[in-house]
Amino acid sequence: MQFLRIILVVLAGLALTACSSKFKTYHGPEITSIQVQKANRKMYLLHNSKVIKQYDIGLGGMPIGDKEFEGDMKTPEGIYFISHRNPNSAYHLSLGISYPNDEDRANAELLGKPPGGDIMIHGGPPRKANGKKRKVSSVDWTAGCIAVTDDEVENIYAMVKPGTPIQILP
């Protein structure tokens with residue numbers, strides 16, 4: 001009986017180790033804000049005013065201008081925050097952006113349209129049913145999100161916590 005308990009404890013420990021290694025970890029300076037420069041297709045992770053990491057990004061299929069309503073294929077502009085992290089995202093991993101805010105909702109309402117939502121920082125597109133990667137036809141292929149590679153989103157996911165401000169500039 002004692003031997004069985006030892007085996008169960010060892011197996012439980014191995015299971016916990018396997019679970020904890022599913023995601024990358026980050027031990028550097030806290031990421032205090034994110035800045036996205038749409039025109040340059042760049043995203044910067046900052047600790048105070050120091051750039052810790054920068055990424056080339058893809059945007060919505062119609063990248064010029066602020067998002068006005070659902071389906072316009074534009075990436076929003078303004079100050080938001082990271083609302084949540086989604087480990088089960090169709091796009092490998094994703095970090096939610098707090099779009100739409102009250103102003104975004106009011107602007108869309110003036111146009112008689114819904115503002116949309118589900119704006120994320122995410123990796124590549126979902127894989128095909130056979131598990132192969134999908135190809136994208138251009139740098140700006142999302143419906144309004146900010147796209148990076150799968151490897152990059154794993155790092156960003158480890159570095160950025162919910163509540164982190166994100167400024168999206170034209």
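Around GLN54, under 15 Å between beta carbons, what's the net of Lys plus Arg minus Asp minus Glu among the other residues?
For residues surrounding GLN54, the net value is +2.
For PHE23 and GLU70, what does the FRET efficiency come to when R0 = 45 Å and r is the distance between their Cβ atoms, rounded to the nearest 0.05?
Plugging the Cβ-Cβ distance into 1/(1 + (r/R0)^6) gives 0.90.
Once you have all Cα-Cα distances for the range 29-169, histogram them in 5 Å bins from zero and send the whole-percent values.
Bin by bin from 0 Å, the calculated values are 2, 11, 20, 24, 21, 13, 7, 3, 0.
Rounded to the nearest 0.05, what FRET efficiency do ASP150 and PHE81 give with R0 = 25 Å and r taken as the Cβ-Cβ distance? Could you check?
About 0.60, to the nearest 0.05.
Full extension from MET62 to ALA39: what is 0.36 nm times the residue separation minus their Cα-Cα distance, to one decimal in nm?
Full extension of this stretch gives 7.1 nm more.
Coordinate-derived values only; no laboratory data. Every value quoted in this text rests on a predicted model; they were computed, and no experiment measured them. Glycine also receives a Cβ, built like all others from the backbone with ideal geometry; neighbour counts cover every protein chain displayed.
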